[in-house]
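Asker: Below is the structure I would like to discuss, written out as structure tokens.
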Amino acid sequence: MSRRARVGRKKATRPPSPAVLAYSIPAAASAIGIGTTKLNELIASGELPSFTIGRRRLVHADDLASFVLDRRRAASKRV
């Protein structure tokens, strides 16, 4: 797009996004720093709850936070 075409155009702005309520599998894995395969293993074993909407599997943000905190507590008890 040429400079001339951009002049006078307003930049599209998005409203502030609300807090994330649920993560997709790749987003949840990325958020806690593990791979999607490991995250799927945790879901399959029941260690991390998940739910589906249509064909999409999601992890609730609170469940993800609780999982990380539980792992952190368990690690601190081992020391």
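Asker: Once you list every other residue whose beta carbon is under 14 Å from the beta carbon of Asp70, what net charge do they have if Lys and Arg are +1 and Asp and Glu are -1?
Answerer: +2
Asker: Search the structure for amide H atoms under 5 Å from the amide H of Ile34, placed 1.01 Å from N in the peptide plane, and list their residues when 5 or more places away or on another chain.
Answerer: Long-range HN contacts for Ile34: none found.
Asker: Can you give the local net charge around Phe51? Use residues other than it whose beta-carbon is closer than 10 angstrom to its beta-carbon, Lys and Arg +1, Asp and Glu -1.
Answerer: +1
Asker: Rg to Rh for the range 21-78: what is it, with Cα atoms only and Rh by Kirkwood?
Answerer: Looking at the range 21-78, the ratio lands at 0.98.
Asker: Can you pull the one-decimal nm distance between simple spin-label points at Arg71 and Lys38, each 7 Å off the Cα toward Cβ?
Answerer: Placing both labels 7 Å along Cα→Cβ, they lie 0.6 nm apart.
Values in this text are rule-based calculations from the coordinates and carry no lab data. A quick note: this is a predicted structure, and the numbers were derived from the prediction, not measured. FYI the Cβ positions are ideal-geometry reconstructions off the backbone, even for glycines, and counts take in every protein chain you see.
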